[in-house]
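Please read the structure below before turning to the comments.
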Amino acid sequence: MSSAVSPPDDALIPVVKTLRASLPTLGAAKLLAVLLTEHPEWTVSEKRFKKLLQTEGLALSGGAVGATNDKKIKNTDTKTNKYPASKLNPHLDITTFSDKIDAVFISPQKGKGLVAKLPIAEGEALWREDPFVHAADWDVFDLQQSGNACQYCALPFIPAPPTLAVSCPAISHGCNAAFCSRLCLTRAQQGGHSLLCRGRNPPSKDLLDFARKEQWRAVIALAVAVAKIMTAFERSDSEGQDMLEAWGTFATLDQEDRAKTLPEWEFTQERHRALWNMDYDHFVTTLCPPETDKAAQTRLRKIVKKTLSEDVRTELFSYRGFLRGLGRVSLNLDSHGGLFLLHSHMNHSCIPNMAVKHPPAAQAQKYPSSRIALVANRDIQPGEELTVTYVNPTWPYRRRKEELKEWGVECDCERCEQEKKDEPEEEEDEEANDLARELRMSFGV
């Protein structure tokens with residue numbers, strides 16, 4: 001028998017990349033063991049292997065690829081992005097929404113935005129939009145899980161299901177999802193329902209139950225978005241690539257970078273990271289189980305038969321890709337759980353000239369709760385940017401400023417500039433000062 005040889009980098013790197021894409025959660029030592037099992041003719045030292053993972057951006061320690069199975073995630077990247085990154089969607093035909101607006105790049109800080117091309121009158125409903133993905137309010141989510149609201153459009157079945165309502169084909173296997181018509185069922189299947197169907201893909205139950213327990217709608221929105229992209233690739237590579245490109249145009253700020261803006265981050269980071277790790281485990285188990293899990297692979301191949309490219313798998317299922325996706329939906333999800341291709345272009349102002357309207361509860365049977373309408377708050381002239389508010393506009397300046405950090409926004413609108421001048425300096429917290437004095441006295445300082 002010939003002795004093992006040390007493979008050159010040009011032979012080793014492609015194999016390691018393929019392994020990493022199929023086993024995103026393994027640590028370096030375990031991944032090396034798999035490599036040497038599959039290539040017994042090679043000898044690769046652990047030192048060389050770890051260095052290769054680092055240089056190729058495949059190491060776990062920096063969060064570039066995946067979470068470790070034992071949850072020992074460390075953040076070694078000290079660079080924190082301050083502003084979200086966004087780009088224009090070349091496939092979005094804005095004229096199908098309105099001929100009075102256009103999408104432009106505003107600035108590196110703001111990213112993309114919408115501007116008026118024609119005069120817009122106060123009270124004018126400029127466009128209506130259905131979501132790219134939707135994570136319903138929890139009361140509607142509970143109705144969906146029990147088959148009492150449409151799984152696709154979120155229409156509640158009150159007091160009874162519509163005449164044309166249909167159940168999920170996997171109802172006999174434990175999926176309670178129902179749809180208000182065959183059209184909604186077809187659209188849901190085209191949007192990836194089968195991958196999140198409790199009957200066809202049982203691990204999705206743990207993912208959805210985890211999201212419900214933590215009341216974390218961004219988790220559901222991310223899973224729905226990725227399932228939609230995977231299903232698009234199943235139809236054709238070009239359609240999948242277009243869907244992936246549209247997904248990448250939403251404003252993005254890594255979930256960890258977002259969390260670091262919170263004043264309590266120093267005290268809550270371990271809790272945050274533990275939650276991210278738990279969610280990541282459910283996420284990859286449901287949508288991208290490791291190749292070593294043959295039963296899971298067999299189950300998944302009954303739903304999607306095409307294998308995603310290495311680049312796509314890394315973008316969607318690496319740990320860093322997962323955090324980017326989670327940050328992306330957290331930034332763009334509206335108050336009712338919708339992620340909208342056009343609405344997501346709109347930047348913040350504390351004196352917004354546009355308002356987002358949702359169907360009133362009294363019209364729940366007529367209009368799905370996931371749909372929005374954009375209405376002008378005042379007359380808008382050509383060239384003006386269209387804006388909405390990301391926070392409660394009745395809040396005082398300092399509170400708005402603090403809340404906007406979660407979006408990576410530093411508002412410099414006319415109102416903020418004026419209130420910043422008018423608002424008095426923050427008064428010292430006498431109670432905190434008294435406590436500090438007592439502590440110093442107790443230590444004799």
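Taking Leu308 and the conditions (1) crowded, with 21+ Cβ neighbours inside 10 Å; (2) within 15 Å of the chain's Cα centre (by Cα), which numbered condition does it fall short on, given that it satisfies the others?
(2)
Confirm whether Ala178 is modelled with pLDDT of 95 or more and hydrophobic (A, V, I, L, M, F, W, C). Before you say what the answer is, go through the steps one by one.
Details: modelled with pLDDT of 95 or more: yes; hydrophobic (A, V, I, L, M, F, W, C): yes.
Criteria met by Ala178.
So that you can scan it fast, the table gives a plain yes or no per residue for (1) closer than 26 Å to Ala136 by Cα; (2) surrounded by 15 or more Cβ atoms within 10 Å (Cβ to Cβ); (3) modelled with pLDDT under 85:
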residue: Ser370; (1), (2), (3): yes, yes, yes
residue: Gly383; (1), (2), (3): no, no, no
residue: Thr387; (1), (2), (3): yes, yes, no
residue: Tyr397; (1), (2), (3): no, yes, no
residue: Glu403; (1), (2), (3): yes, no, no
residue: Cys411; (1), (2), (3): no, yes, no
residue: Glu425; (1), (2), (3): no, no, yes
residue: Ala432; (1), (2), (3): no, no, yes
residue: Val445; (1), (2), (3): no, no, yes
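Pairs please, first residue from the stretch 228-239 and surrounded by 14 or more Cβ atoms within 10 Å (Cβ to Cβ), second anywhere and basic (Lys, Arg), Cβ atoms under 8 Å, 6+ apart in sequence or on different chains.
Sorted first by the residue in the stretch 228-239, then by its partner, the pairs are Phe233/Lys306; Glu234/Lys305; Glu234/Lys306.
Inspect the stretch 231-239 for any residue being assigned to a helix (DSSP H, G or I), touching a Pro at 6+ places or on another chain (Cβ under 9 Å) and of a type in the set (Asp, Glu) and give the result as yes or no. Walk me through it before giving the result.
Initially, the stretch 231-239 is screened for residues assigned to a helix (DSSP H, G or I), giving 231-235, 237-239.
Then keep just the ones that are touching a Pro at 6+ places or on another chain (Cβ under 9 Å); that gives none.
No, the stretch 231-239 contains no residue that is assigned to a helix (DSSP H, G or I), touching a Pro at 6+ places or on another chain (Cβ under 9 Å) and of a type in the set (Asp, Glu).
Six or more apart or on different chains, Cβ under 6 Å: which pairs go from a residue in the stretch 109-132 that's loosely packed, with under 14 Cβ neighbours inside 10 Å to one that's part of a loop (DSSP other than H, G, I, E, B) and among the aromatic types (Phe, Trp, Tyr)? Could you list them?
Here the result reads Gln109/Tyr83, each pair linking the stretch 109-132 to a residue that is part of a loop (DSSP other than H, G, I, E, B) and among the aromatic types (Phe, Trp, Tyr).
What is the number of the single condition among (1) over 27 Å from the mean Cα position of the chain (by Cα); (2) crowded, with 22+ Cβ neighbours inside 10 Å that Cys175 does not meet?
Condition not satisfied by Cys175: (1).
Tell me which helices (runs of 4 or more DSSP H) are completely within the stretch 251-332 and hold 1 or more residues being in contact with a His (Cβ under 9 Å, 6 or more places away or on another chain) and modelled with pLDDT under 95, or say none if there are none. Please lay out each step first, then the result.
Working: elements: 255-259, 265-287, 294-301, 310-317, 319-332.
The helices (runs of 4 or more DSSP H) meeting that bar are 255-259, 265-287, 319-332.
Yes/no matrix, rows are residues, columns are (1) touching a strand residue (DSSP E or B) at 6+ places or on another chain (Cβ under 6 Å); (2) of a type in the set (S, T, N, Q):
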site	(1), (2)
Pro90	no, no
Pro108	no, no
Ala149	yes, no
Ser167	yes, yes
His173	no, no
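Would you mind telling me which numbered condition in (1) aromatic (Phe, Trp, Tyr); (2) in contact with a Cys (Cβ under 8 Å, 6 or more places away or on another chain); (3) closer than 16 Å to His336 by Cβ Phe141 fails?
(2)
Pairs only if they're at least six apart or on different chains, beta carbon under 7 angstrom, first in the stretch 23-35 and assigned to a loop (DSSP other than H, G, I, E, B), second hydroxyl-bearing (Ser, Thr, Tyr) and surrounded by 18 or more Cβ atoms within 10 Å (Cβ to Cβ); list them, first residue then second.
That search, which allows pairs on different chains as well, returns Pro24/Ser318; Pro24/Tyr319.
Any residue that is part of a helix (DSSP H, G or I), of a type in the set (Gly, Ala, Ser) and either closer than 29 Å to Thr285 by Cβ or at pLDDT below 85 (or both) - is there at least one of those in the stretch 62-71? Before you say what the answer is, go through the steps one by one.
First pass over the stretch 62-71, keeping only residues part of a helix (DSSP H, G or I): none.
Looking for residues that are part of a helix (DSSP H, G or I), of a type in the set (Gly, Ala, Ser) and either closer than 29 Å to Thr285 by Cβ or at pLDDT below 85 (or both), one finds none in the stretch 62-71, hence no.
Taking Gln144 as meeting all but one of (1) more than 21 Å from Leu222 (Cβ to Cβ); (2) of a type outside the set (Lys, Arg); (3) not in a loop (DSSP other than H, G, I, E, B), write down the number of the exception.
In the conditions (1) more than 21 Å from Leu222 (Cβ to Cβ); (2) of a type outside the set (Lys, Arg); (3) not in a loop (DSSP other than H, G, I, E, B), Gln144 misses (1) alone.
Go through (1) over 15 Å from Val219 (Cβ atoms); (2) without any contact (Cβ under 8 Å) to a residue 60 or more places away in the chain and name the single condition His272 misses.
(1)
Please find, among Ala170, Ala223, Ala165, Ala154, the residue that is on the phi < 0 side of the Ramachandran plot and out of contact with any Cys (no Cβ under 7 Å at 6 or more places or on another chain). Walk me through it before giving the result.
Working: Ala170 fails: out of contact with any Cys (no Cβ under 7 Å at 6 or more places or on another chain); Ala165 fails: out of contact with any Cys (no Cβ under 7 Å at 6 or more places or on another chain); Ala154 fails: on the phi < 0 side of the Ramachandran plot.
It is Ala223.
Please enumerate the residues belonging to the stretch 143-168 that are free of Cβ contacts under 8 Å to residues at least 12 places away in the same chain and of a type outside the set (Ser, Thr, Tyr).
Of the stretch 143-168, the ones free of Cβ contacts under 8 Å to residues at least 12 places away in the same chain are 159-160, 163.
Pro159, Ala160 - these are the residues of the stretch 143-168 that are free of Cβ contacts under 8 Å to residues at least 12 places away in the same chain and of a type outside the set (Ser, Thr, Tyr).
Tell me which residues, restricted to the stretch 381-424, are in a helix (DSSP H, G or I) and in contact (Cβ under 8 Å) with a residue 24 or more places away in the chain.
Scanning the stretch 381-424 gives Tyr397, Arg398, Arg400, Glu402, Leu404, Lys405, Glu406, Trp407, Glu414, Arg415, Cys416.
Determine if the stretch 192-200 includes at least one residue that is modelled with pLDDT under 95, under 27 Å from Ile372 (Cβ atoms) and within 19 Å of the chain's Cα centre (by Cα).
No, there is no match, as no residue in the stretch 192-200 is modelled with pLDDT under 95, under 27 Å from Ile372 (Cβ atoms) and within 19 Å of the chain's Cα centre (by Cα).
The values are calculated or read from the model by the stated rules, or taken from the named source; none is laboratory data. Only a predicted model underlies this, so the values are computations on that prediction, with no experimental measurement involved. When we count neighbours, we look across all protein chains shown, and the Cβ atoms used for this are built from the backbone with ideal geometry, even at glycine.
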